[in-house]
Each structure stands twice: as C-alpha cells, then as structure tokens.
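Each reported figure results from applying straightforward, stated rules to the coordinates on display, with no laboratory input. Just so it is clear, the model here is predicted, and its values are computed rather than measured. Backbone-built Cβ (ideal geometry, glycine too); neighbour counts: all protein chains shown.
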Ligand SMILES: Cc1ncc(C[n+]2csc(CCOP(=O)(O)OP(=O)(O)O)c2C)c(N)n1
Ligand SMILES: [Mg+2]
C-alpha cells in the first residue's frame with residue numbers, strides 16, 4: 001500500500017521490518033529522523049530490538065560488531081563525520097566478515113562544516129570492504145535495506161553493507177512509498193543465521209592477528225566475497241522483483257541508453273533529475289541516456305562495459321572528489337572502459353549540497369559533446385577571486 | 001590442583017608471553033574464577049598478541065578482539081545481543097592500562113553509564129608494553145619509559161597514576177576492586193564477585209612486567225608483593241562507591257620496591273635523588289592515609 005512518507009521514516013520502517021536484534025546508533029544530521037523513529041518503535045514495542053544509545057559513532061559500530069559476533073542481526077545509521085569516526089571499525093567489520101547493515105545518509109565531509117549532501121562520506125570508505133548500494137528515491141532506499149541484509153548475511157558473501165541515500169534530498173523529503181507488510185518482509189528475509197558466533201558451548205576466537213604468512217589470504221578472501229556479491233546482489237534483487245514487483249535485478253539500471261551517443265553515469269538521487277533532463281533532451285532530438293549505478297562496491301565492471309558499449313561519450317557525475325586526482329566514479333568507469341574508443345569525461349558536481357537542475361545536466365551533456373570535461377561543474381568564479 | 005587444571009584448559013599453555021608475564025597469569029586466574037561460560041573481549045595489546053597468533057589461540061572460551069580502544073563498546077553489543085537471545089554467558093572486557101586509562105576511556109565511560117551487565121578488567125602493567133614500553137596514564141610518577149625517559153632534565157614520567165577506579169565508581173559502578181597477581185586467591189574472589197554482580201563492574205589488576213620494568217622474570221610475584229607492602233599499590237574493594245575492604249600491611253619504605261626495577265634506576269644512579277624519592281614516598285603515604293592500610297606495630 002502506498003503511503004506518503006518522509007524518506008527517513010520509510011527507511012526506519014523497513015529496517016524495523018528487517019527485525020534487527022540490536023540497534024546501536026548516534027544522532028547526526030541528516031540521519032537523526034531514522035534513529036528517532038526506531039527509538040519510537042522500540043519504546044512502543046512495535047519492534048523487538050535492543051537499542052543501545054551509545055556515546056559515539058565509534059561505539060555504535062563497535063557495539064554492532066560485538067552484537068553481530070554474538071549472533072544478532074544488527075543495524076546502525078550514520079553520515080559524514082560520524083562515518084569518519086567509524087573508519088577503524090568499518091575495516092574491522094569487513095575483516096571479521098560481520099554482515100552489519102548501515103544506512104549512510106550521504107553528507108559532505110568537513111571542513112568547512114557542511115550538513116548538506118554529497119557522497120564524499122561513503123566514497124571515502126570505498127576500500128573498507130563494505131558493499132555499497134545507492135538509492136535513487138525513497139522507495140529504493142527503503143527496499144535496498146532488505147536486499148542488503150539478504151546479500152550481507154548470505155554465507156557466500158558475509159560482508160557488511162552500506163545502503164546510501166542522499167541527505168535531505170531523500171531523507172527529509174516526502175514521497176509515496178510502498179511498504180512491505182510484516183509477512184512479506186519475513187518471507188523475503190529469513191531470521192539471521194550467523195556463520196559463527198561467540199558461544200560458550202562452542203568456543204572460538206575472533207579477530208586474531210595475522211603475520212605476513214597469512215594476512216594476504218584474508219584480504220584475497222574478502223575480495224573474492226565482493227566479487228561473489230556481483231552475482232548475489234542481482235540474485236537477491238531479482239527475487240525481490242518477483243515477489244513485490246519492483247525491479248532491482250541489476251547492479252546498474254539503464255535509462256534510454258540503447259541508441260544513445262552520450263551516456264551520463266551517476267549514483268543516487270541525482271538520477272531522477274537526470275532522467276527528466278534526458279526526456280527533454282530526447283524531445284529536442286539529442287541521443288542521451290543514463291547509466292545509474294546501484295552498486296558501487298562491488299563495482300559492476302561487466303555491466304558497465306556492456307551498457308556503455310554503444311556510446312561514444314560518457315559524462316560521469318561525481319558527487320565526490322579524490323582530491324589531487326578525479327571523482328571516484330569516473331576513475332572506475334575509465335578503468336572499466338580502458339582500451340575502448342569511448343571518451344570518459346568527469347564532472348565534479350553538487351558538492352556540499354549545491355543544487356543541480358535539469359538545465360545543468362543539459363550543460364554537462366553539451367560540454368561532454370564538445371569534449372570539455374574533467375572539471376568542477378558550476379564553480380562560482382566570484383567566490384574564487 | 002584441580003582448579004589449576006581447569007584454568008589451564010580455559011587459558012591454554014603454548015602462548016607467546018614472556019617468561020614471568022603477569023598478564024598471562026592474570027588471564028589464567030580470571031578464567032579460573034569466571035569459568036567456562038564467559039565471553040572475553042580483548043583489546044589490542046600484549047595479551048591479545050601473545051595469545052592469538054593466527055591460526056592458534058590460547059583461549060578455550062569464546063574470545064574476540066576488535067581494536068585497541070573499543071572492547072567495552074564491543075562488549076556492550078555482546079551483552080545486548082545475549083539479552084535479546086536470552087543467553088546467560090558472562091561478558092568480560094579485558095584491556096591493558098593503555099586501552100583502559102587512555103584510548104578506550106570514552107567507550108568504557110559510555111558502557112558504564114549505560115549500565116550494561118559486564119565486567120571490565122584492566123591488567124595494569126603501567127605502560128604500553130606491546131609497542132615497546134611507552135608511558136600511559138597508568139604509569140607511576142618518575143618511571144622511565146621510552147616516551148618518558150629519564151634524562152639530564154627529566155626524572156621520568158612527570159605525572160602520577162590516574163585514579164581510574166574512582167572515576168568508574170563515580171559512574172555508579174556497583175563493584176570496583178583492585179587486585180594483584182601476587183595474591184591469586186584474593187584476585188579470583190574479586191573476579192567471581194564482579195561477574196556475579198549485576199551491572200558494570202571494574203577490576204584493576206597490578207601486573208608487573210619484567211620486560212618493561214626491568215627485573216628478572218622469576219621476581220614477578222616478589223615485585224607485586226613489594227608494591228603492596230610499600231603502599232604504592234593498594235588492594236581494595238568499593239561497593240556502591242564506598243571502600244568496603246582494604247588489604248592492610250606493615251609498610252616498607254618505597255625504596256624497597258623502587259630499587260628492584262630498572263625503570264626507577266635513575267633515582268639511585270649515578271647519584272641518589274632524595275628529593276624525588278621523597279615525592280614517591282609521599283604518594284605511598286597518601287595512599288596509606290586515604291585507605292587506612294597501615295598495621296600499627298606496638299613499639
Ligand atoms: C588506534 C591505535 N593506536 C595505537 C595502536 C598501537 N598500539 C597497539 S597496542 C598498544 C599499547 C597497548 O598498551 P596497553 O593497553 O597498556 O597493553 P599492553 O601492551 O601493555 O599489555 C598501542 C599503542 C593501535 N593498535 N591502535
Ligand atoms: Mg600496559
């Protein structure tokens with residue numbers, strides 16, 4: 001049934017339906033509405049979870065790690081500065097293969113302090129071993145949580161997962177969202193079955209130190225699990241589509257790309273604007289399409305190659321910047337298309353919440369067609385003076 | 001002894017601790033008291049490193065190590081998970097003094113304030129030993145470490161030991177105690193009491209480190225006893241914030257303790273430093289007064 005809901009509430013409700021045994025989170029804008037809503041559900045006994053009101057994000061994720069080790073499904077949510085504070089624990093969760101699921105309500109990194117949206121926070125955890133899924137709208141943000149748990153907890157994967165969605169643009173926006181019923185959620189996501197757990201009846205040790213003769217194999221195993229997830233995510237997404245009619249069967253999603261000359265590549269809420277802009281450009285006779293990345297980790301290399309095979313120019317919209325290099329998405333796309341004749345141009349865009357409109361997308365496409373790219377889009381020259 | 005056999009099973013032989021390592025003794029005593037239905041959460045440090053080089057482990061109870069500074073946050077999550085599952089295992093967070101006094105204090109404070117049912121045990125060897133004997137907030141006054149070295153214009157560590165038991169008692173911890181590996185029955189009794197007291201409890205175990213303090217490995221117990229006998233370490237219990245039991249001694253001058261350890265050598269060589277020794281004696285005197293440890297002998 002469709003309900004008009006704030007993005008945060010849609011996510012919180014879905015998380016509740018995923019039935020985590022332990023929730024640990026620390027408030028930070030724009031994530032707060034999620035953890036407040038979950039606290040309400042716990043207070044009303046509408047969900048049966050232990051809610052730990054930790055003293056920091058660092059402890060939030062550490063507590064999730066412990067609870068996951070003890071055998072519970074766990075949940076946390078954060079953004080930006082909070083995620084940065086979790087940095088060390090993020091690598092640990094992945095290294096110990098705990099399937100923690102965490103919402104990242106994407107926000108810029110300070111300094112300067114900004115509470116507004118870009119994707120620098122989750123992108124900066126690119127190499128931590130977490131799956132990274134990005135949502136375009138509130139429906140997708142809500143649904144990806146079920147899929148994230150399914151994939152993370154799959155014993156062929158066993159990796160933690162970020163479900164990323166844009167701060168304010170999605171989190172604080174009301175949209176119609178179709179919520180699963182409790183029964184549907186239970187039929188899609190079974191109870192958590194830990195691969196190993198801390199248990200006095202079967203004592204094992206977690207988190208040993210590895211000398212140089214063992215360390216590399218652990219890293220290799222994580223990388224293999226990531227690559228395995230390239231097929232498990234579509235598997236879980238396809239099953240979701242079959243059960244509930246919303247299509248998450250791909251690591252990527254193409255929009256009007258089949259006969260396109262120029263393709264835009266983007267992640268998150270900006271894809272909605274891009275689709276509208278494409279419709280207008282198409283009406284004006286331009287052959288433009290979009291490749292939306294739903295998964296950034298694992299990176300869908302093959303899908304990208306296939307989807308972009310027919311285009312001559314790719315304009316990547318990066319809501320992040322690897323300072324001193326390029327946007328993280330553009331680097332991946334260039335790598336995936338290495339050896340092809342396709343031109344890949346990077347546009348650093350919408351950092352710190354700067355608005356993007358359809359006309360900006362049209363300008364980007366025009367620049368790409370003129371071969372002008374690898375730039376910060378929309379800089380205010382008067383501020384730089 | 002039967003008890004010792006059981007302890008060896010729970011914290012097994014074959015680990016890589018130095019000969020005479022008090023932390024290894026502490027692990028044995030702790031598990032002997034706590035029993036097999038215990039989950040241990042270790043912080044990064046000597047104990048973790050010497051007991052779990054992959055693919056080996058000395059722990060025959062469920063054990064987890066995550067980071068240097070988060071064992072009490074990890075423990076919080078474990079306690080919450082056990083509660084949710086209706087499981088009854090005891091949870092002990094085990095950390096060195098660096099993990100406990102310094103880098104982990106935020107997580108400990110949070111976990112104690114929230115009142116989770118677990119026991120935090122610090123094995124206090126009074127410096128960061130795993131990284132090569134650097135000072136911590138638990139390093140005693142004037143001890144020479146690699147980051148508080150004695151020198152032409154330094155007498156060693158310039159600050160006295162942080163009073164962590166008082167800080168955790170102030171969080172409302174129902175049971176706080178200090179203990180020493182030199183007195184195993186007392187230590188075990190305290191561990192047993194802590195794990196059976198609901199709420200967050202804290203035990204700080206004096207754990208002399210032959211490598212870091214500079215004494216022969218067979219002297220660990222002797223040094224531990226001297227710390228108590230000089231009043232530089234006091235064994236006590238606090239219940240609901242009040243000191244309820246104290247080990248009393250016929251006190252020896254602090255020199256008896258200091259002269260046995262290379263970390264204090266600079267106070268005696270090349271020249272005896274009466275002024276600094278007097279300051280350390282004053283610390284022992286204050287401890288004696290505060291806790292009333294002196295047994296008065298009749299003249
Ligand atoms: C965040 C972080 N900072 C620093 C270190 C390096 N480090 C590892 S163990 C350790 C000292 C441990 O001291 P303590 O807790 O007293 O335990 P001990 O080794 O003395 O038993 C340090 C500084 C680390 N592992 N993690
Ligand atoms: Mg230490």
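Entry note, region A:128-255: relative contact order of 26 percent, from Cα contacts under 8 Å with a spacing of 6+ residues.
Take each peptide in A:349-362, B:39-52, count the other Cβ atoms within 10 Å of every residue, and average; sorted highest first, the result is B:39-52, A:349-362.
Normalising the Debye intensity of region A:209-300 to I(0), with uniform scatterers on Cα atoms only, and taking log10 at q = 0.11 Å⁻¹ returns -0.47. With viscosity 1.002 mPa s and temperature 20 °C, the Kirkwood radius over alpha carbon pairs of region B:219-299 converts through Stokes-Einstein to a diffusion coefficient of 157 µm²/s.
For region B:185-262, the calculated P(r), taken from all Cα-Cα distances in 5 Å bins from zero up to the bin holding the longest distance, is 3, 13, 22, 21, 16, 13, 9, 3, 0 percent. Separation of region B:8-67 from region B:209-261 is 23 Å, based on Cα centroids. Ranked by the mean number of other Cβ atoms within 10 Å of their residues, highest first, the peptides A:225-231, A:71-77 come out as A:71-77, A:225-231.
Each of residue A:247 and residue B:218 was given a label point 7 Å from its Cα along the Cα-to-Cβ line. The distance between the two points is 8.1 nm. For region A:129-170, the fraction of C-alpha pairs more than 16 angstrom apart is 33%. The Rg/Rh ratio for region B:158-299, using Cα coordinates for both the radius of gyration and the Kirkwood hydrodynamic radius, is 0.99. Rg and Dmax of the protein assembly as shown, based on Cα coordinates, read 29.1, 109 Å.
Roughly speaking, what is the stretch gain from residue B:37 to residue B:245, that is 0.36 nm per residue apart minus the C-alpha to C-alpha distance, in nm to one decimal? Here the answer is 72.1 nm. Largest GNM mean-square fluctuation across B:163, B:102, B:285, computed for chain B with C-alpha springs under 10 Å, falls on B:163.
How large is Rg/Rh for region A:165-228, to two decimals, with Cα atoms and a Kirkwood Rh? Show your work: numbers first, answer last.
Values: Rg = 20.1 Å, Rh = 17.1 Å.
When Rh is taken as the Kirkwood radius, the ratio is 1.18.
Counting only other chain Cβ atoms within 10 Å of each residue's Cβ, the peptide B:108-114 averages 4.
What the pair-distance distribution of region A:2-244 shows, using all Cα-Cα distances binned every 5 Å from zero, is 1, 7, 14, 19, 21, 17, 11, 5, 2, 1, 0, 0 percent.
Listed by Cβ neighbour count within 10 Å, with the fewest neighbours leading, B:161, B:252, A:385 appear as A:385, B:252, B:161. The smallest convex shape that holds all Cα atoms of region A:326-385, its convex hull, gives 105 Å³ per residue.
Remark: the residue A:259-residue A:200 segment gains 15.2 nm on full extension, using 0.36 nm per residue and subtracting the alpha carbon distance.
For region B:141-208, the alpha carbon positions stretch 50, 27, 13 Å along the principal axes, listed from largest to smallest.
Structural descriptor for chain A: relative contact order 16 percent, calculated from alpha carbon pairs under 8 angstrom and at least 6 residues apart. Under the criterion of Cα pairs below 8 Å and six or more residues apart, the relative contact order for chain B equals 15 percent.
Compute and list, largest first, the equivalent-ellipsoid semi-axes of region B:33-117 from the alpha carbon gyration tensor, each √(5λ) rounded to a whole angstrom.
20, 18, 9
Between the Cα long axis of helix B:105-114 and the first principal axis of chain B there is an angle of about 50°, rounded to the nearest 10.
Of the beta bridges in region A:252-384, as assigned by DSSP with both residues counted there, near 20 percent are antiparallel. In chain B, the DSSP beta bridges split such that about 30 percent are antiparallel, to the nearest 5. Taken along the Cα-to-beta-carbon direction at a fixed 7 Å, the label points for residue A:213 and residue B:163 span 5.0 nm. Radius of gyration over Kirkwood radius for region B:3-291, both on Cα atoms: the Rg/Rh ratio is 0.96. Separation of region A:214-267 and region A:278-350, taken as the distance between their Cα centroids, equals 16 angstrom.
Projecting label points 7 angstrom from Cα along Cα→Cβ for residue B:13 and residue B:299 puts them 5.5 nm apart. Just so you know, the averaged projected area of the alpha carbon convex hull for region A:252-384 sits at 8.0 nm².
Taken residue by residue and averaged, Cβ atoms of other chains lying within 10 Å of the Cβ of B:46-56 number 3.
Look at the stretch A:43-55: the mean tally of other chain Cβ atoms within 10 Å of its residues' Cβ atoms is 3. Where in region A:72-98 is the amide nitrogen less than 20 Å from a point lying 7 Å along the Cα-to-Cβ axis of residue A:186? Only A:72-74 pass the distance filter.
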